[in-house]
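**Q** Dropping the structure in here first, questions after.
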Amino acid sequence: MKRFICLLIMLSCFVNGIAGGEESLVIGVPVDRCPVFYQENGRIMGIGVDLMRLAAENAGYTPSFKAIEEPTLKDALDNDAYDLILPFGGAVSSTSGHPTLVSDNLTQTPFTLVTVGEQPLPPFNSLRVGMLRSLGGATETVNELYPGMTIVMYDSMAASVKALRSGEVNGLLHNSYVWSYVLQKPSYSDLTVQPATMFTMDFRAGVPDTEAGRKRIERLNEGIAVISDMRRRAVTLDYTSRRLYHYSFDDYLYQSRHVLVLAAMLLAVFLVIAVKRLNAYRKMQEEKLQKLLNIDPLTGALTLGAFKKRVDDLLRRHPDTPYLLTYTNIRNFKFINDSLGRSAGDELLKFWVQRTKVHLTDDEAICRIVADHFAIIRRIREDDQISADEKRVVEPVRNYFIERGKENKVQLCSGIYALTPEDYERIDVERMLDFARLAEQKVRDTRKDGYEFYNPEQWKRGKQVADVCGHLPVAIQSGELQVWYQPQIDYITGKIIGAEALCRWNHRRLGWLRPSEFIPVLEDAGLIYDMDCFIWESVCQNLQKWGKDCFVSVNLSRCDIREDRNIPGYFYDLTQKYGLSPDQLRIEITESAYTQDPELLTRTTEKLRSFGFQVEMDDFGSGYSSLHMLKEVPVDRIKLDLNFLSGAGDPERGRIIVSHVVQMIRSLGMNLIAEGVENVSQAEFLKSRGCNEMQGFYFYKSMPVHEFEAVMRQGRFEPVPTERSDDA
């Protein structure tokens, strides 16, 4: 019976699957861009087709491809016969002006120049470049990257090649995949692909900006996200490694024009030779394509596309590592090429990259953006790192020709951008490069060489964060971070009644750091909780050693108190772990913290008190004291800051205020301690107003554990005749 029921369930699922089916998706594509899009035996094929089919099927669609009949992709966007249009580099408006949406990037297509033979090229900004009219959308990218370049449009590949050979243009621009197909034409054997990638364009699907379009794109993006890079490369290699070009009769005539008079016996030999040549050419093209995608063939540096991926990966794997991004170019590179020759300029660029790579680690990288423009991602390690790099890399590059007996000093202009925490949260490599490029522009505008920071303060802040935040785990483990104690006394009896735990940092390289130097930095970086947990546990370890007769006040930062942290439970677990009673550990929360999120602070305070902990409001009177908080927040003790007595203003008014504050706190049933007592007159005044518990430099400075233990053994405070000023 059970088997019969299982069979019925399986049969029902099978029938429902057949009845439901998958949603169809009609995708419009151009078919004149082999091997990206083309038709063979009535079937639309290509790199773009296979990648799109993978994404659509991953998203649950059944895709079908239809050749676009409209003159342009923008026209096709207005045709409801298509559910999607390929390819777009970014969002555009349709011909009728409707806005569109584009999917995530399927892949990137590198664009390269083709020239006749090995003729030297003028500088890119003075080139005349031919492009097919169907690639009109790419002209905007070209104009942006190379504003001085002249673009001439042609209706066909044959017309553009004819213009190249006649000298009407210096080169032809198309994506490398198309060149891998087009240049298989025998009559184009005199054409050469230039090694450097001029730029890369995204490969995205587009739809009109409608509710249905948005849902379609959102669903398609899920399908795109699961396509691995290895799968993308496999699709590309599959089409670029096979011979897709079919010879025409004219092609055979061209290739065989010198051997047509030979006998049929020689024809077989010729065909064997031709096949071998084609195989060798195909292998060479495969190798060139792989290098063009990731490695600059001249210098061995990363290409821009590969560099962006590398930086993105580094920042995700090392979110706590401070980095610099440098954008550098050679001010007088054109003069070097003109006076010493292009080969001398190429050798300089290769030397520059080789010299830099020697000093880069696995988590750093260099890229050649274009021509003599380079970008480097570098970790911040040492104070004199930039000076060291100047000596090890920049100076040898500057003196490259001088060392070789020529009077040409290389002028380097560099812009440096120190990454901020926001850059790690929202990684945008292009934005970082723009900032570094702006700093480099400042140097070039001065008509000098050297380097400039995008924001000098940012660099200093980055160094401070690196010195403090990056070193915190080591400081905790090595003992650089220490818990000190400042005794609290009963002024009437002179008895030491407790202490406040404070943090001190003896940095192994920077020496003793003031709390004001590292606590705000740790708070901004979200690491203050790590330091506080170390302090709390250290205090509990000491209390376990000292016994039941002592209590210690510990600070709870405003940054420690969050909805996702059970602070009361954490303190309770500590007391259980070390066998302490809750009244031995007193929790100090600054007055300002109560004003920022009073509801959360009130809940935390109430929970702490329910566990038996005493809660103290610290620094009362140091800021803008709120009487409302005294009314609303349940605390056991107020720590009165003596700013009223020692700060600026009328001292008599200060004494009046302190008198009434003491009286008010006593009337509210709260305990009171005064902190920052600097001299005997302040102590006597507080005593006369009924405040007997005190803390400050008049009694004791903060001290290491062994000194505090000696003071505890002494048991009582012994006044000294000299007064000391509080610099805690």
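**Q** Cβ under 15 Å from SER659's Cβ, SER659 left aside: what net charge do those residues give with Lys, Arg +1 and Asp, Glu -1? List each step's numbers first, then the result.
**A** Details: positive: ARG653, ARG655, ARG666, LYS687, ARG689; negative: ASP650, GLU652, GLU684.
Counting the neighbours of SER659, the net charge comes to +2.
**Q** From the alpha carbon gyration tensor of the range 104-194, can you work out the equivalent ellipsoid semi-axes (sqrt of 5 times each eigenvalue) and give them in Å, largest to smallest?
**A** Working: eigenvalues 74, 57, 31 Å².
Equivalent ellipsoid of the range 104-194: 19, 17, 13 Å, largest first.
**Q** Sticking with this one: Could you work out the equivalent-ellipsoid semi-axes for the range 658-711, taking the square root of 5 times each eigenvalue of the Cα gyration tensor, largest first, in whole Å? Show your work: numbers first, answer last.
**A** Values: eigenvalues 128, 35, 11 Å².
Listed largest to smallest, the semi-axes of the range 658-711 are 25, 13, 7 Å.
**Q** For the chain, what does the helix formula give at 222 nm: sum of -39500 (n - 2.57) over DSSP H segments with n ≥ 4, over the residue count, nearest 500 deg cm²/dmol?
**A** Values: 29 runs with 321 residues, N = 728.
Only helices count here, giving -13500 deg cm²/dmol.
**Q** Next question, about the same structure. Starting from the Kirkwood radius over alpha-carbon pairs of the range 304-465, derive D by Stokes-Einstein at 20 °C in a medium of 1.002 mPa s and give it in µm² s⁻¹.
**A** 132 µm²/s
**Q** Is any residue of the range 313-350 close enough, with backbone N under 16 Å, to a label point placed 7 angstrom from the Cα of ASN125 along the Cα-Cβ axis, and if so, which?
**A** Of the residues in the range 313-350, 328-338 have backbone N under 16 Å from the label point off ASN125.
**Q** How would you rank ASP560, ASP190, going from fewest to most other Cβ atoms within 10 Å of each one's own Cβ? Don't skip to the end; give the middle numbers.
**A** Numbers: ASP560 20, ASP190 11.
The most exposed by this proxy come first: ASP190, ASP560.
**Q** Further question on the same structure: Which residues in the range 507-533 place their backbone N less than 16 Å from a point set 7 Å from the Cα of GLN482 along the Cα-to-Cβ direction?
**A** Counting only backbone N, you get 507-515.
**Q** Give me Rg over Rh for the chain, both radii from the alpha carbons and Rh done the Kirkwood way, two decimal places.
**A** Answer for the chain: 1.14.
**Q** Could you tell me, in Å, what Rg and Dmax come out for the Cα atoms of the range 114-264?
**A** When restricted to Cα atoms, the range 114-264 yields Rg and Dmax of 19.6, 68 Å.
**Q** What is the packing order of peptides 599-610, 100-111, taking the mean over residues of other C-beta atoms within 10 Å and listing the highest first? Walk me through the intermediate numbers first.
**A** Numbers: 599-610: 17.0, 100-111: 20.2.
Top of the packing list down: 100-111, 599-610.
**Q** In nanometres, what is the gap between the two model label sites at ASP313 and ASP362, each 7 Å from Cα along Cα-to-Cβ?
**A** According to this spin-label approximation, the distance is 1.2 nm.
**Q** Taking a 26 Å limit on the Cα-Cα distance, which of the listed pairs LYS548/LYS607; LYS66/LYS288; LYS350/LYS448 fall beyond it? Don't skip to the answer; put the middle values down first.
**A** On the way: LYS548/LYS607 23 Å; LYS66/LYS288 32 Å; LYS350/LYS448 23 Å.
Beyond 26 Å between Cα atoms: LYS66/LYS288.
**Q** Can you tally the net charge around ILE497? Count Lys and Arg as +1, Asp and Glu as -1, for every other residue whose Cβ sits under 9 Å from the Cβ of ILE497.
**A** Numbers: positive: LYS495; negative: ASP490, GLU693.
Charge balance near ILE497 sits at -1.
**Q** Report P(r) for the range 461-565: all Cα-Cα distances, bin width 10 Å, range 0 to the bin holding the largest distance, values in whole percent.
**A** Taking every Cα pair in the range 461-565, the percentages come to 13, 42, 30, 13, 2, 0.
**Q** Also, I was wondering about something else. Based on other C-beta atoms within 10 Å, arrange ARG214, ARG331, ARG653 from fewest to most. Write out the running numbers ahead of the final one.
**A** On the way: ARG214 13, ARG331 16, ARG653 10.
Ascending number of Cβ neighbours within 10 Å: ARG653, ARG214, ARG331.
**Q** Still on this structure: Based on the Cα atoms of the range 477-714, what semi-axes does the equivalent ellipsoid have, where each is the square root of 5 times one gyration tensor eigenvalue, given in whole Å with the largest first? It would help to have the intermediate numbers written out before the result.
**A** On the way: eigenvalues 140, 95, 72 Å².
Taking √(5λ) for each Cα gyration eigenvalue gives 26, 22, 19 Å.
**Q** So, in nm, how far is label ILE492 from label ARG381 when the simple model puts each one 7 Å beyond its Cα toward the Cβ?
**A** For ILE492 paired with ARG381, the spin-label model returns 6.3 nm.
All of the numbers you see were taken from the coordinates with simple rules; none came from a lab. All values derive from a computational prediction rather than experimental measurement. Every residue, glycine as well, gets a Cβ built from its backbone with ideal geometry; the counts of neighbours run over all protein chains shown.
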